[in-house]
Structure formats: structure tokens, C-alpha cells
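The values are calculated or read from the model by the stated rules, or taken from the named source; none is laboratory data. What you are looking at is a predicted structure, and each value in this text was computed from that prediction instead of being measured. Counting neighbours? That spans all protein chains shown, and the Cβs are built from the backbone with ideal geometry, glycine included. The protein model used for the area step is the full one, side chains on, heavy atoms only, and it has no ligands, DNA or RNA in it. Shrake-Rupley method; radii C 1.70, N 1.55, O 1.52, S 1.80 Å.
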Protein chains: 4
Amino acid sequence: MSSYLVDGLGTTDALAAVFSDESVLQVMLDVESALARVQAGLGIIPQTAATAIAAAARADHFDAASLAREGRASATPIVPLVAALRARVASVDAGAASFVHWGVTSQDISDTALVMLLKRTAPILEGTQTRLAQTLRAMSEAHAGTRMTGRTLLQPATPITFGLKVATWYAGIRRAWRQLEEAIAAAAVIQCAGPAGTLAALGDKGVPVRWALADALALHDGPPWHTERGRLAVVACGCGILTGALGKMARDVSLLMQYEVGEVAEPGGGSSSMPHKRNPAGSARALAAATRTPGLVAAYLTGMVQEHERAAGGWQAEWPTLAALIQTTGAASEAMADVTEGLTVDRERMRQNMEGVGEPMFISLGAADALRRELLDTL
Amino acid sequence: MSSYLVDGLGTTDALAAVFSDESVLQVMLDVESALARVQAGLGIIPQTAATAIAAAARADHFDAASLAREGRASATPIVPLVAALRARVASVDAGAASFVHWGVTSQDISDTALVMLLKRTAPILEGTQTRLAQTLRAMSEAHAGTRMTGRTLLQPATPITFGLKVATWYAGIRRAWRQLEEAIAAAAVIQCAGPAGTLAALGDKGVPVRWALADALALHDGPPWHTERGRLAVVACGCGILTGALGKMARDVSLLMQYEVGEVAEPGGGSSSMPHKRNPAGSARALAAATRTPGLVAAYLTGMVQEHERAAGGWQAEWPTLAALIQTTGAASEAMADVTEGLTVDRERMRQNMEGVGEPMFISLGAADALRRELLDTL
Amino acid sequence: MSSYLVDGLGTTDALAAVFSDESVLQVMLDVESALARVQAGLGIIPQTAATAIAAAARADHFDAASLAREGRASATPIVPLVAALRARVASVDAGAASFVHWGVTSQDISDTALVMLLKRTAPILEGTQTRLAQTLRAMSEAHAGTRMTGRTLLQPATPITFGLKVATWYAGIRRAWRQLEEAIAAAAVIQCAGPAGTLAALGDKGVPVRWALADALALHDGPPWHTERGRLAVVACGCGILTGALGKMARDVSLLMQYEVGEVAEPGGGSSSMPHKRNPAGSARALAAATRTPGLVAAYLTGMVQEHERAAGGWQAEWPTLAALIQTTGAASEAMADVTEGLTVDRERMRQNMEGVGEPMFISLGAADALRRELLDTL
Amino acid sequence: MSSYLVDGLGTTDALAAVFSDESVLQVMLDVESALARVQAGLGIIPQTAATAIAAAARADHFDAASLAREGRASATPIVPLVAALRARVASVDAGAASFVHWGVTSQDISDTALVMLLKRTAPILEGTQTRLAQTLRAMSEAHAGTRMTGRTLLQPATPITFGLKVATWYAGIRRAWRQLEEAIAAAAVIQCAGPAGTLAALGDKGVPVRWALADALALHDGPPWHTERGRLAVVACGCGILTGALGKMARDVSLLMQYEVGEVAEPGGGSSSMPHKRNPAGSARALAAATRTPGLVAAYLTGMVQEHERAAGGWQAEWPTLAALIQTTGAASEAMADVTEGLTVDRERMRQNMEGVGEPMFISLGAADALRRELLDTL
């Protein structure tokens, strides 16, 4: 668990809200509710039961922290959640209680809820990424002819243009985001397969229930994936790669912002005691994210080695890991979008630094611009 | 950020409380307050200022989430916290406000708060570890002569005793805990060095302030460590090693609990639908922890490569990483302490399984017991 | 560096050969040779120079270990390699020596060589994966009706079929391999951009040289990616995901092989001293690979945060990391292909274990088979 | 497996030699030979057998690569090694062959060989670390009064002294090395426990054999640790922490070497085409090491979760991981020792940069020097 003061730099308000107790709880209840509705529609459970379940399935009826604590006894919060939901339904319609969670297993609920939560993060990330991409493209165009020092191993090399540098940032970030976006979409597959993944408890109605549930929840239909976590692994890796690309840009910005280089500056006022100082605070936030994500990806991948039809430990490691990955990725995206929108570019300083190297300045602006345009064509 | 439903298995209530916004905020304020008190004592700031600061430095006067959000602009929540504290002090004693945070830097506060929080987790972990150690020792003694199948690569080998197996768990966990305990104690070093780590702003009073502050906060005195993070790295690694040792035990318990093996059983009732089923829920929780910690350790180590006198990204990655490491370690400890206290051991089944292998059963009980006792002598 | 005894389990002979000094050196020389040929074709350097360079560019003319050692002074072995190649060319055609490595930078050579080496591993991996996929499909079909215990958290749940379990393995491995195969193909992009990535030294001939060189080396054309490593990151992650999927299968096989379960057995004779013992040696090899790859993926992702136009440290970390990732992935693939081809399946034991649970055995063979066929439809 | 061109930057010649096939093979044979000698001394096997075994146990009698390949069938190269050694002994003394590897298990040999190899790396690392420490201390003393810009978040802060900065590097590296040195020494524990870790096959002679073998091989005596890997985990972590500390110094050097900063310069001539350019090649090598080690540490920790009395996968992951950790640590140490010995420090440029900030330069040289001396007192 982490609080705002512990992890406020590593999330955004919108993403933190998606993974809040209230949001997570409501999504879990939405899955139970939709399941009952779908099963009633297929004549598996009474319509009155579905109605009672839907009425009961509201997050404010339950205490998320208590459910999570009780969940330690069964290694999943779904077991106490189902018990609590049954109790609440029973208090209104005793007969309906037994139809709660009918024919499914706890991981059906938690996995479906997880991909629904991930899906909700996609438009949030997309908004930030679109903002970032548009600003980077415009900046690259505006500086197509702005010459500056190229730097290899942190030493001056032949000149580049700032437009080309920005286009390199754009290409890396853009491809990584498109891949992550596709990965989240592809991972949004219903999990509905019952205790050992055979849909046994629903007889010949199993696959139809799954179809209808996927439809009701706007998820892809598909066979069980209780211990086949490859699609979520692609999401995890996608976060790692995107954060790496954002971190590369952040590293460059923080280096270009150095007092002795002074070629760009992040927005934000200087410190009161040191007016010359504009800290690369946004870049630092993105770099912190890029420091954290590789290990989180490793944790996800480690958890893929899951036992038989449901793992003892592997999937339980996934929720905090994926939640942290998505949030750090969103934090890095937000940070660099803000940095880019407010970035001050000092053409004159770029020129001075470049000329200060005192070397013949080999650059073909035509070639550099061709490369720049190729990079902007990414995706 | 993670909520209870996202990460309830990966923490304990006591450790979650240590890293709650209220707790973190109060510790940060305690450092500011102690600093003022110490500086007043040394005649650096007026006593009245210290009194006003102490009165203002109460967590319930501030909104942690807001401070954390504002902190994104400066890559640290301390900057808005100091501003808010100054404002509150000013509303009571205008002259005192400028003495808030006198001569120090934001990382002095955040680092000192961090090691104070870590120190608070030590007795919590110690309680659980002591419980676990005592139960394991007693179990090892009780089963000094309980023969069972030894298993290598998950295949039967020559017999062992259950007491020897338990002693191996004990040895690994015990040594790792002692090392972590020492690491937390060793890391509890005051950070008080001012903007670039030279104590420049306090003139010749710098080191005396540091001494007194360390004393007031019951921390070790020591030179600055703004970008020298080795002691905290030992804490991070210690969490990874201890969780690995707990995960080894959890793996064994989950394997011994298999229906086809049936030699031990975790406490906890069976499922209502399947009375034969007692899930290794505690072991699953410890295994989930052991799945997560290696990547978190990697994140910490990656962040060690910090720039100059204060890093842009490296230390910002530390808070959520260390908080997660300590909490997963505590969760795994609690889980295995509970598992051990309630573990059912089926001597008869151990005998049957061993004899069922149909091999000559080579074991010297004397030798096995000597090894067992050697292992219990760990630390 | 690792020798056969240190890392023999973590590679295959064919993949070890790809990354041997002789192979790596020859690929690097092939790039230099093709560059000269292409530049001669475009009239940039004399044809005689290209001929002399091609004649000199043979691995057995150079000492890889010495070049690698000398490369420490410049953080790349390409610098001493170019010097050595120039010297050798000069000994035959003094005028030609200066045309070695004309207009390019060391990372152009090393990156191009790297993706060529990766591309060579694809058919090796493909052969193993095809063998594994075919065997898994056939096994799944043959056991479409073979009922066995389903197991959740290592405890008996409702029955499954072995065909369904195998299909789950198939689906995870198949998708992961297809993604890795695509990733390797997509990463095979020429690197030819000169010192700061602007193709400056080749004037208006830069892009045509790049086109022709890509064509000559059968690589994709594309803009520079000296510090934009996203495509290789997808390869690294793809190795991690595939190894995770193989590790999941290996975990299951090793568990099913337990003496007390006895439902499958890996090929291979028993130990001489313990005839009952058939170790899951292949699964152990795959599990060792799955233990290593998450951390290697993390290392790759960490290295993505590269400075400016060429990194100081980031890309230097890539070669051993990618070489280890591909080799461990190949080792796990080979191990599980061999395991699958020789796997003994004990239907009778599966039936006994299932019936031994003493529970009503809910399974709809029709539903299970429908799910099985869905899983086999993966990709 | 990795060759020189793949991983030459990530090792040193001396450390690569320790982990070469010849070295590893000889150490494994040395353990078998010492075991026989010790057992003969205790009257367990005939003296003639010990003599024959010792004569046969020479690395040049065997083909390491072949043994490693054959070892895939049993997930350890020790099985084919023992078979080959028996065959060789049999060709000389048929009766002696059965006394090869008497009463022990393959992991006894591999674990003992592993810690012997690690122990051999300690003096190599020590030599480099001593060189580095002495140079850093002298440099810190020489620059006790050299003022320079302090930099936080890569922006100018109040001044520091270069001596203080160097002392911070020293403190982090020194403590980390001392801890690693202790960890290697502490891990050098004999492994001699037989198939399931009970010493069963040696009757009442088991512990005496272990004592004598530990003595013969100059290792600590101790109970079995086949699946209790905590001491080696401390070594792995120690490598990660030391490399992190070296990486911090390397980051600083590479930043201070920037053309626009120009305060220090690594040794090494400039490039022929760009005389202004002195690349931070040594720092890049250390930074590459620091990029790789966190993931390698994660891999080691992941492997700690080992099954029962011998793991299927966990320990097999250790050899290449530990070998890579030690070698990258040695490479980073060597790189930074060389960097430090040849470092050019430009006092004048430091002064100019500091004054160029145009701020009042608050620094108490006395306080800074006190802190510097405290840091040099580390360990």
C-alpha cells in the first residue's frame, strides 16, 4: 500500500482514482452484477435474483479495507466480497443470495475487474500522450533548422538540429505508446471459466454466459487465461518500454537544462533563494518512473510461472505490480507532456555552445531534415 | 499509489499505518519541529519561533494529498510542506515563519523522515519474526525424529527428518532477519547538511545542530548521504533476502500441502463447496511477496546512480520502492508466522509416503539431528 | 563472460555459436565490407579500396579477445577493430586504408551487427518452436478426453482434461513466440547515420548509402536509432514473456512428475542408484531460464535511458544482456521441446488421482473440448 | 554463454580467467580429489583409490564443453563429470572407480566449487579496490580546499569542495566493498551433505568428512545449505550495491567531463578526428555495469525460492548470474580505478564555473572539511 506522500510523484490524480478502493470495489461488484443479469437473461437464475444482486452491488455498501484484510485468509479479496454481497442480498431476498457469483470462481471476477480497470486507464493515458505527441511534432517542425551540438558519450560531436533530437524523442515515445495502447486493448478479454477453467458448473450454458458477459462488459470474448498471463505481460512490458522512452527524453532535457549548457529550460519558477535555478522537476519525475519500471516489469514476468489451473502466489503479485506500472507510466507521461508544453528553447545558446567547440561544423541540413521527417513518420 | 484492494495482501495493518499519509506527514513535521527546537536551544533562532513552529507542526493542520500533488512541481513534497508550515506559523507569529526549515534543504527532511519511518517498522517486524522463530524452533524440536521423504528436483531422495527441514527454514529466515534488523538500525542516520551538503548556511553551528538533531530524534549522527545511498540499499537487499527465505519455506509448505502429498496443512477452514480443500493461502501470500521483492530491489539499486549533490530521479524513486519492500516483507513474515503457528503436521502420512517409495531408507538419525542442531544455532 | 561450465544449461549449441567471438567478429567485418562495397558502387570510394577491404575483412585475420580488451579504452570494440582492419588493408593497399569505415561511426557497425546476429537466431528458435508447437498440438488432441484433477493453489479442484491443460501451455507459448518472432524481424533495421546521427560525413550520399547497405545486408531501411532502443526492448521483453510461458509449462510438468502425483514423466533414464527417480531435468533447465530472464529484461529496460546522440553506459549494457536473453530463451525452448517429445503420460494415474479426491467430478467434456479448441486456435 | 566481443567490457582478464572452463573444471575436480583424499585419511576408502582419483582429476583430461552439454540431461554438469572421472580412474585402477564421489551428491561438488571460485575473486577485487581507495583518499586530501559548484538536480547550488565530493565517492565505494568482501568470506562454507542433505551415506563419518574437507579446501565448516542460499544472496546484493556506488561516481565523472563543464577529464588520448574529445570511456564501462547488476541481483533473489532439499531451476540459475555479477563488479572497479589514477582535475575551470553562477558563494571551508574527514573515516 502506498499513500499520497509516499507515491504522489509516481501517479496522476486520474490514474490514482482508477485504482482507488472505491473504484476497484465498484468494478468487482459490476462484474458480479453483470454476471447475474446475463445469467437471468439466459434463464439460469431468476430475474428477481439478478435484480436483488444489482441493487446490492454498490461499493458504498461495503468496506473495502475490511474485505481486503479478510481476503488474506483466502489469498483473494473476492471470497469475502462474495460472502458480503450474499449477506446483503440475503437481507433483502433470502432466495437470491445463493445466485450471487453463480458458477464462477474468484479469479473470474478479479481478472475481469483487472482488465476493466486497465481499459479505463487507456483513454487517460491516450489524452496525455496525444498532448505530448502534438507538442513534440510542433516543436520538431519549429526547430527543423535549429542547429545545436550533437553529443556522444556526453562529449561534443558533429552538430545536429534540435528538430532532429525532438523527432527522436517523438519516435521512441510514439511507437511505445501505440504498442502499449494495443496491448491494453488486446488484454481486455473476459475471464469466465469457473473453478478449474472448464466452465463445468454452468453445463451447456457456460460459453453462452461468457459470450454475453463479455458483451455486457464490452470486453473481448476468449478462452480462459487463469494461468496464461501473456497478454498482461505485454501490457507490463509496454509500460516499461514507454517509460524508458520517456526517461530518455527526460535525461536529455535534464542535461540540456544544466546551467553550463542552458539550451532548454523546463517551465516553473525559480527557487526563491536561487533565482538562477529552474529545476528539471518534471524530468526528475519521469526519470524516477524510469528507475522504477524495469524492476516492476521483472516482478510481473517472474509471476508468469504459475502453477496448474490457478497459481499460489503468481497472480497475487500482479495487482500491485500492474497498478504501479500503469501509474508510473502515466506520471512520466504527464510530467513530460507538461515539460514539453512549457519548454523554453534557447536557440542562441545552442548556437554559442556549438560554435564554442571550435570544430568545423559538418552538417547537411537537408539530410538531417530528411531523417527528422522519417522519424516523425513513426506509426 | 495503491489502495487496500490492490495491495492488501502485500502489507500488514501495522506497516500500512506507518506509511499512511497521516503518519508520514507527522514524521516530516516532527523533523521540522525538532530542528527548530534544537536551533533555539543553540541560540540560532528565537525560542518563540521554535514554540510557534512546534505548535503548527501537527499533521491534522495539513492536507497530505494536496501537498503531494503540489510537490510534483518541485519533485518533492517538502517544498510545499515547508511553504504550508510557514504560512501556518505566520498566521500566529509572523516573525517566526522565516525560521521554519532554517538552513536545511528539503532532502534533509525527507531523508531523515524516511529513516525514522523505517526505524518504526523494525519493532513491528521483530515481533512477527520472534513469533515465527520461536514456533519454528519448537516445531523443529518436536519433529527431531519425524522421518519423511527427502525430495530433490521434486523427486524422492533419501529420507530426512521434518525437524531438519524446519531447521533449514529457520536458519535461512533467522539469518536474513538479523541482517535486515541490523541494516535498518545502521541506516538510521540523521540527514542534516543543507543545500549542497556542506552545512554552509549554519556557519560554525552546522555540525552541532546535526548532533543535537540526531540526539533529539534518536538517530545516529553522521556525515551527509544525500547521494550516497548504500546503507538504504542494504535495507532494500535485506528485504529481498528475507522475503526469499520466507518464500522458500512457503514453497515447501505449499508443496507438502498438496492433496497427493498431504504431509502438512495450513490453518484455516476448507471451502464450503470443497471440504477436502485447505488452500495454502498464507504461503501464497508469502510467495506473492517473494515474486515482487527482487524487482523492487532492482529498482532501488538502479536508483543508486545519483547525480552530484542531489539526484534528479534517483532518490524520488526510493520512497515507494522502500515502502513496498518493507511492507511485502512484513506481509510475508506475518503470513508465515500464522502458517507456522497453525500448521498441522501429519506424521503418519510422512511415514506412508516415505515407505511408499519402496527404497531402502538410508538415514542416520544421529547425523540428521546433529545437522538440525547446527542449523538452529544460526545467529 | 561465461564459459560452458558456467552457462551450458542456459544456451544451446546453435545459439552459442551465433554469439561466439568468431561469429560476432565476422558479422562486424561483414558490415564494414558491405559498407565499402556499397560506397564503391555509389562512387564514393574507389572500387579497389572496396576489394582490398573485403579481402581483409575475414575473422581469422584478427584476435577477437585482443580487440575486446583494447575496446575497453573507448568503450567499444569497434574502435580497435577499425584500426586493425585499416592496418591490414594498408599492408596490401596503403591508399585503401583510409576508406575503411568511411563516414560512419562505431555504433553504426555494432548496432547493425547486433541486429544481424539477432536475425540469425530467429530460424534457430523457429525450428525449436515449431517442433514444440506441433508436439503440443498433437498431445492436446490425443488427450482431448483424458480427464485429470484440476488444481488451484496446488489443491484439487473440479476435473479438467489433459488436452485442455496442454492447450493452455500451447496458447501461451505460441502467442509469445509469434510476438518474439515479429519483434526480431521488426528490429532488423540498418543503423547507418554517422557520428551524431545526421549522416553528415556522406553529404548528399548519406541516405542512398543507407538504402544500399540495408539492401546488401537484407535489413530494413530506417532512420537512426542510436539512442532510441524501443525495437530492441520489444525483443528483450519478448524473450522474457516467452520464457515465462515456457516456465509455466515447466512448472506444471515438474509438479505432475512428482512421485506422489506421477501423472507424467520426462524422458531420460532413472539414476543408477535410484531407479524410481526420473528427474525433471528439462523442466529445471526451463525454470532456470525463467528465473533469469525477468532480471535481464529489467537490465535492458534500465539501459533505455540513454544520453543525447550516443549513450555512456546504456548501450554498452545491451550486448551481454540481449545475448543472454536470446540464449536462455533458446535453452528453455529446446528443453521443453525435448520434454514434450519424450513425455510419458499416465492416463490411469490421472484417473486414479482424480477419483481419489472423492468428490463429485463435475466436468462437461463438451465444454472443456470447446475451450481446448479455442486455445489451439491461438494465432 | 558470452564471448569476449559480447562481454569484454563487462569483465576483467583476471576475473574472466577464474570463470573460464579450465578453471571451473579444475576446481570441480579439486573438490572430488580432496574428498577422496580426506575419505582415505579417515579410512573410508582405500588410499590407493584416493591416489588414483587425484591422478585422474586434472582438467586437461576432460572436455569441459562436452561435459556441460551432457549435463543438460541431468540439469548439472557434475553427473557427466563424475561419470567421466570414474571412467578415467577405472582405466588405471578398476577398483578405485567406485570410490569417486563417494557418499556425496552433485550439488555438494558444484556448491563447494562455486564458493571456492568466489573466494578466488576476492583478492583480485581487493587489489583493484585498494588501488581505487588509496587514489581517492589522496585526491580528496589534495582537493580539500578546491572549491567548485555544488549541483542539485543538475543545477548549481551552493559551492562544495572537490575534496568533499571525492570523499562522498570514497565513502560509498569503501563501505560497499568492505561489505562485499565480508560477504564473500562468509559465503565460503563447505557443502558436504549427501543426496538429501543428511550425510546419510557416510554413516557416523559424515560430519568428520565434512570437517576434514572444509579444512583441506580452506573453507568454513557448516551445516548444509543446498536450498538455503542466503549467504550467496548477500554476495549478489553486495555486488549490486558496490556497482551502484561505482556507478554514482562514474555518473559524476561523466557529467563533470562534459565539454561545457570541463572540470575533470578521464585519461586517454582524444580521438584522431576530434582532438577536443576525451570520452568518459571508463565511466561508461562502470555505468554499463551499474545498468546490468540490479537485474542480475533480482535474478539471484528470484532463484532463492527453492523446492525442498534440492531445487529444480533455482540453483541452476545461480552460476551464470553470480559469475556475471562478480565480473561486472570487477569491471566497474577496474574502470574507476583507472579513471581515478589518470584523472585530470581543472581547478581553474571549477573556479570559473562556480563564479559564473553569479551568486553569493556560501561555503564554510572548515565545515566542509570536517564533513570530508568524516566521510574518509568510513570503515
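Write down, largest first, the equivalent ellipsoid semi-axes of the range B:46-123 in whole Å, where each equals the square root of 5 times an eigenvalue of the alpha-carbon gyration tensor.
Details: eigenvalues 94, 50, 31 Å².
Over the Cα atoms of the range B:46-123, the ellipsoid semi-axes are 22, 16, 12 Å.
Per chain D: cysteines with no other Cys C-beta under 4.7 angstrom?
Cys with no partner Cβ under 4.7 Å: D:C192, D:C239.
For the range A:261-266, just list the computed ³J(HN,Hα) in residue order, Karplus coefficients 6.51, -1.76 and 1.60, θ = phi - 60°, integers in Hz, with x standing in for Gly and Pro.
Values, residue by residue: 9, x, 8, 9, 8, 5 Hz.
Enter the mean number of other protein chain beta carbons within 10 Å of the beta carbon of each residue in D:189-199, as an integer.
Values: counts 0, 0, 0, 0, 2, 5, 9, 14, 10, 17, 7.
Rounded to a whole number, the mean comes out at 6.
How big is the charge dipole of chain B about its Cα centre, in debye rounded to the nearest 20, if each Lys and Arg gets +1 on its Cβ and each Asp and Glu gets -1 on its Cβ? Write out the running numbers ahead of the final one.
Details: 32 positive and 37 negative charges, 98 e Å.
Here chain B has a charge dipole of around 480 debye.
Please give the FRET efficiency for C:A186 paired with A:D221, using the beta carbon to beta carbon distance and R0 = 30 Å, rounded to the nearest 0.05. Mind showing how you got there, number by number?
Values: r = 28 Å, r/R0 = 0.95.
Here the calculated transfer efficiency is 0.60.
With 10 Å bins from zero, work out the P(r) of the range D:261-366 over every alpha carbon pair and list the percent per bin.
Binned Cα distances yield the sequence 12, 25, 22, 19, 12, 7, 1.
What translational D, rounded to a whole number of µm²/s, comes out for the range C:151-220 from Stokes-Einstein when the hydrodynamic radius is the Kirkwood one over Cα pairs, at 20 °C and 1.002 mPa s? Mind dumping the intermediate values first?
Working: Rh = 16.3 Å.
My calculation gives 131 µm²/s for D.
Roll a 1.4 Å probe over the protein heavy atoms and report the accessible area of C:T329 in Å², nearest 10.
The accessible area comes out at roughly 0 Å².
Need one value for C:259-266: mean number of C-beta atoms belonging to other chains within 10 Å of its residues' C-beta atoms.
Working: counts 10, 14, 5, 1, 1, 0, 0, 1.
Counting Cβ atoms of other protein chains within 10 Å of each residue's Cβ and averaging gives 4.
Just the C-alpha atoms of the protein assembly as shown: what Rg/Rh do they give, with Rh taken as the Kirkwood radius? List each step's numbers first, then the result.
Working: Rg = 31.6 Å, Rh = 32.9 Å.
Reported Rg/Rh (Cα atoms, Kirkwood Rh): 0.96.
Looking only at other chains, what is the average number of their beta-carbon atoms within 10 angstrom of each beta-carbon in A:219-230?
On the way: counts 0, 0, 1, 6, 13, 6, 4, 2, 8, 13, 5, 13.
Mean number of neighbouring Cβ atoms from other chains: 6.
Mind listing the label-point distances from B:E341 to the same position on all other copies, shortest first, one decimal in nm, points 7 Å along Cα→Cβ?
Distances to the matching label points in the other copies: 5.2, 5.4, 5.9 nm.
In the structure shown, do any of D:K165/D:K248; A:K248/C:K205; C:K119/C:K248; A:K248/D:K248 have a Cα-Cα gap over 22 Å, and if so which?
Values: D:K165/D:K248 11 Å; A:K248/C:K205 30 Å; C:K119/C:K248 26 Å; A:K248/D:K248 18 Å.
Beyond 22 Å between Cα atoms: A:K248/C:K205; C:K119/C:K248.
Between D:G203 and the same site in the other copies, what are the distances in nm, shortest first, taking label points 7 Å from Cα along the C-beta direction?
So the label point of D:G203 gives 6.9, 8.4, 9.0 nm to the other copies.
Expressed in nm to one decimal, what extension gain is obtained for the pair B:A87 and B:Q352 from 0.36 nm per residue of sequence separation less their Cα-Cα distance? Show your work: numbers first, answer last.
On the way: separation 265, 0.36 × 265 = 95.40 nm, distance 7.38 nm.
Length gained, B:A87 through B:Q352: 88.0 nm.
Taking amide H positions as placed 1.01 Å from N in the peptide plane, with prolines and chain starts having none, which residues 5 or more places from C:T105, or on another chain, fall under 5 Å of its amide H?
Under 5 Å from the amide H of C:T105 lie the amide H atoms of C:A193, C:G194, each far enough along the sequence or on another chain.
Evaluate the charge dipole of the protein assembly as shown about its Cα centre and quote only its size in Debye, nearest 20, assuming +1 on the Cβ of each Lys and Arg and -1 on the Cβ of each Asp and Glu.
Working: 128 positive and 148 negative charges, 0 e Å.
Taking the Cα centre of the protein assembly as shown as origin, the dipole is about 0 debye.
Take the rotation relating chain B to chain A, measure from its axis to every Cβ in chain B, and name the nearest residue with the distance in whole Å.
Nearest-to-axis residue on chain B, with distance in whole Å, is B:G295, 2.
For chain A, what's the relative contact order in percent, using C-alpha pairs closer than 8 Å and at least 6 residues apart? Show your work: numbers first, answer last.
On the way: 577 pairs, mean separation 79.0, N = 379.
It rounds to 21 percent for chain A.
Roughly speaking, what is the centre-to-centre gap between the range A:31-77 and the range B:77-134 when only Cα atoms are used, to the nearest Å?
42 Å
Express the accessible area of the range A:64-182 per residue in Å², computed with a 1.4 Å probe while the remaining protein chains stay in the model. The partial results should precede the final answer.
Working: 3450 Å² over 119 residues.
It amounts to 29 Å² per residue over the range A:64-182.
List every DSSP H helix in chain D whose Cα atoms extend 24 Å or more along the helix's own long axis and whose mean Kyte-Doolittle hydropathy is at least 0.0. Working shown, then result.
Values: long enough: D:21-41 (30 Å, 0.38); D:106-142 (54 Å, -0.03); D:162-187 (37 Å, 0.14); D:230-256 (39 Å, 1.12); D:281-302 (32 Å, 0.65); D:318-341 (34 Å, 0.21).
Length and hydropathy pass: D:21-41, D:162-187, D:230-256, D:281-302, D:318-341.
Between B:D204 and A:R137, what FRET efficiency comes out of the Förster formula 1/(1 + (r/R0)^6) with R0 = 60 Å and r the beta carbon distance, rounded to 0.05?
Numbers: r = 56 Å, r/R0 = 0.93.
Calculated value: 0.60.
Just to confirm the numbers: C:H61, label point 7 angstrom along the Cα-Cβ line, distances to the other copies in nm, shortest first?
Distances between equivalent label points, in nm: 4.4, 7.8, 8.1.
Any chance you could list P(r) for the range D:1-143, counting all Cα-Cα pairs in 10 angstrom bins from zero, rounded to whole %?
Going from the shortest bin to the longest, the percentages are 11, 33, 28, 15, 8, 4, 1, 0.
Output the Kirkwood hydrodynamic radius of chain C, Cα pairs only, in Å rounded to one decimal.
Numbers: mean 1/r = 0.0434 Å⁻¹.
One decimal place: 23.1 Å for the Kirkwood radius.
Within the protein assembly as shown, what whole-number % of the accessible surface is contributed by carbon and sulfur, with the 1.4 Å probe and all protein chains included in the calculation? Don't jump to the answer; show the numbers that get you there.
Working: 22940 of 41950 Å².
The computed percentage sits at 55.
Given N residues in the range C:184-254, what is Rg(Cα) / (2.2 N^0.38 Å)?
Values: Rg = 17.8 Å, N = 71, 2.2 N^0.38 = 11.1 Å.
The value comes to 1.60.
Quick one: compute a quarter of the convex hull surface over the Cα atoms of the range C:120-260 and quote it in nm². Write out the running numbers ahead of the final one.
On the way: hull surface 44.7 nm².
The number I arrive at for the range C:120-260 is 11.2 nm².
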